[in-house]
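Colleague: Sharing a structure below in structure tokens format, with a few things to ask.
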Amino acid sequence: MSWNDRDSTAKNMALSSVFWLVVAISLGIVMALEFIAPDFLAGIPWLVFPRIRQAHVNGLAFGFLSMAMIAGWYYMVPRLTKADIHSQKLGNVVMVLWNVALAVGVTGVVLGYTQAREYAELIWQVDILIMAALLLTGYNMFRTIAARKVEHLYVSLWYIMGSLIWFPIVFAIGNVIWNPPSGALFGLNDAIWGWFYGHNILGLWFTTGAVPVIYYILPKETRRPLYGYTLALIAFWFLAFFYSGVGTHHILQSPVPEWLKTISVICSIGLFIPVLAFVINVFMTMRGSWRALYYSIPLRFVISGAAFYLLVSLQGSTQALRGFNSFIHFTNWTVAHAHLALLGFVGFTMMGLIYYIVPRLCSLDGQCLLYSERLAWIHWWLTTIGFLGFFLVLTAAGLTQAGGYAQGLPTVMILPAVRNLWIGRAVTGSMIIGAQYVFAFNVVMTARGKMNAKETEAIEANAAVEAVEA
Ligand code: HEM
């Protein structure tokens, strides 16, 4: 496939995303083991917990999730606009740029070069590359949408355009791309900037990037139109309105202005509106089509993602309430919540997306066949069971820690109580990681145009029986 070919950017981005998933998720188990045996790997500076954590988070957020989202947009936008992508070559240049930026950034944090800003740790040189990649992606997408051959803008396009306008601004703010002196800026505490970014990377990038994927795959796989177009637009505007104000709910116990804290709590509760609008839309579109979950792998993954979106949003809004927030702050409750968002909601949705697009882009003769459906189902079961266990043990660890802190116990006395739960995280985490190796194998074999011999035989046998019966 050449760099100018139709869909080459979508394919290359999707494969890069799976590569980063495998690399960055594997670091999760290294950290989980370090929690159980802190001396494990002692003396190897580039494997110490704080460095690996940054590589894990950035590799998954900017490698796996962001590249999968962009792959999906490169697939969906030409189909929704009936126009070819303005420049596939530019799309592929961005794909290389993005991979280089991440390779430099992730290697950098492992070697100890960091900006030390949450979710924005990669060094400033990488920020410039990612910023350029974002702007070029925006240019390519907007030129394509401007040249569309259909009058109507499907709701997924609204979300994609929103992400590409908002996120470069959010990214520039969070990475302090103007390099301010430390301390106050425009009278604002730096932590406020940091958490404006920290939360909006979720709200105005991952959410606005994953929701259009669900709105695309749902009608395709159920063969029913989206229930409410206007409802989806209401959700879009409320999302934009409320999300931009929630960042300060991360620092409710810190010395930042009280009025800003109150706004962040109100906006967090306000997020119920777009979330419920989204869930009603998904539910009503699925009405009468739930059986499709038995045979459509992409649908099974994106519906799981939508269910986790509902859960994480309900949890997020309630844990922004001041009393509850001060109880669970600084505990593993938050880590469970972060994984519910990025692995549960966005991760499952991106896996569904990859299952949807890779066979369509890579199969020989356009047959749209996955290498192995069986492996894909194994992937779903292992990831789902592993993740539910992972979420439960971390939530239990969080509540145990919170109870201890509320009684004024020092951390060292709480640690023995959570050790077994951390062992549980390592076990369930290994299940999730193993499942991703299965996923990567399946995707790579599909990309090479292969089909599992046993499954091919079964399909041929079924076809033969159907032919006889007919
Ligand atoms: C797609 C999959 C995953 C995504 C997107 C993801 C994302 C994240 C994020 C965003 C954080 C930061 C959490 C916070 O700020 O509170 C984090 C931390 C962490 N993750 Fe993952 N993760 C994934 C899978 C895994 C797996 C399978 C494991 C296996 C054990 C794991 C282990 C950890 C650990 C140990 C931490 C550090 C927690 C702490 O600081 O206490 N992650 N991950």
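The values are calculated or read from the model by the stated rules, or taken from the named source; none is laboratory data. These numbers come from a predicted model, not from an experiment. No Cβ is skipped: glycine too gets one built from the backbone with ideal geometry, and neighbour counts run over all protein chains shown. Note: accessible area is taken over every heavy atom of the protein model, side chains too, but ligands, DNA and RNA are not part of it. Shrake-Rupley method; radii C 1.70, N 1.55, O 1.52, S 1.80 Å.
Colleague: Among the listed residues Ala402, Ala341, Ala336, which satisfies the condition of being over 17 Å from the mean Cα position of the chain (by Cα) and either touching a residue at least 24 places away in the same chain (Cβ under 8 Å) or not in a helix (DSSP H, G or I) (or both)?
Modeller: Ala402
Colleague: Kindly establish whether Ala453 is more than 16 Å from the ligand (Cβ to nearest atom), among the aliphatic types (A, V, I, L, M), open to solvent by 60 Å² or more (accessible area, probe 1.4 Å) and without any contact (Cβ under 8 Å) to a residue 12 or more places away in the chain.
Modeller: Yes.
Colleague: Among the residues of the range 55-69, write down those that are more than 9 Å from the ligand (Cβ to nearest atom) and touching a Ser or Thr at 6+ places or on another chain (Cβ under 6 Å).
Modeller: Passing the criteria: Met67, Ala68.
Colleague: Quick one: Val393 ticks every box in (1) near the ligand (Cβ under 9 Å from one of its atoms); (2) free of Cβ contacts under 8 Å to residues at least 40 places away in the same chain; (3) in contact with a helix residue (DSSP H, G or I) (Cβ under 7 Å, 6 or more places away or on another chain) bar one, so which box is it?
Modeller: Single failed check for Val393: (1).
Colleague: So how many residues does the range 231-259 have that are farther than 21 Å from Thr208 by Cα and either among the charged types (D, E, K, R) or surrounded by fewer than 17 Cβ atoms within 10 Å (Cβ to Cβ) (or both)?
Modeller: 6
Colleague: Separate question: Say we look at the range 327-361 and pick out the residues that are near the ligand (Cβ under 9 Å from one of its atoms) and either more than 21 Å from Ile433 (Cα to Cα) or among the polar types (S, T, N, Q) (or both); which of these is surrounded by the most Cβ atoms within 10 Å (Cβ to Cβ)?
Modeller: Asn332
Colleague: May I pose another question? Within the range 23-37, can you find the residues that are open to solvent by 40 Å² or more (accessible area, probe 1.4 Å) and more than 9 Å from the ligand (Cβ to nearest atom)?
Modeller: Hits for the range 23-37 are Val23, Ala37.
Colleague: Given the criteria away from the ligand (no atom under 16 Å from the Cβ), surrounded by fewer than 24 Cβ atoms within 10 Å (Cβ to Cβ) and either touching a residue at least 60 places away in the same chain (Cβ under 8 Å) or under 30 Å from Leu409 (Cα atoms) (or both), does Leu299 qualify?
Modeller: Spelling it out, it is not the case that Leu299 is away from the ligand (no atom under 16 Å from the Cβ), surrounded by fewer than 24 Cβ atoms within 10 Å (Cβ to Cβ) and either touching a residue at least 60 places away in the same chain (Cβ under 8 Å) or under 30 Å from Leu409 (Cα atoms) (or both).
Colleague: One residue is enough: does the range 97-109 have a residue meeting the conditions open to solvent by 60 Å² or more (accessible area, probe 1.4 Å), at pLDDT 95 or above and assigned to a loop (DSSP other than H, G, I, E, B)?
Modeller: Within the range 97-109, none of the residues are open to solvent by 60 Å² or more (accessible area, probe 1.4 Å), at pLDDT 95 or above and assigned to a loop (DSSP other than H, G, I, E, B).
Colleague: Residue pairs, Cβ under 6 Å, 6 or more apart or interchain, first in the range 117-130 and assigned to a loop (DSSP other than H, G, I, E, B), second hydrophobic (A, V, I, L, M, F, W, C) and within 16 Å of the ligand (Cβ to nearest atom). List them.
Modeller: Partner pairs satisfying both residue conditions: Tyr119/Ile201; Glu121/Val109.
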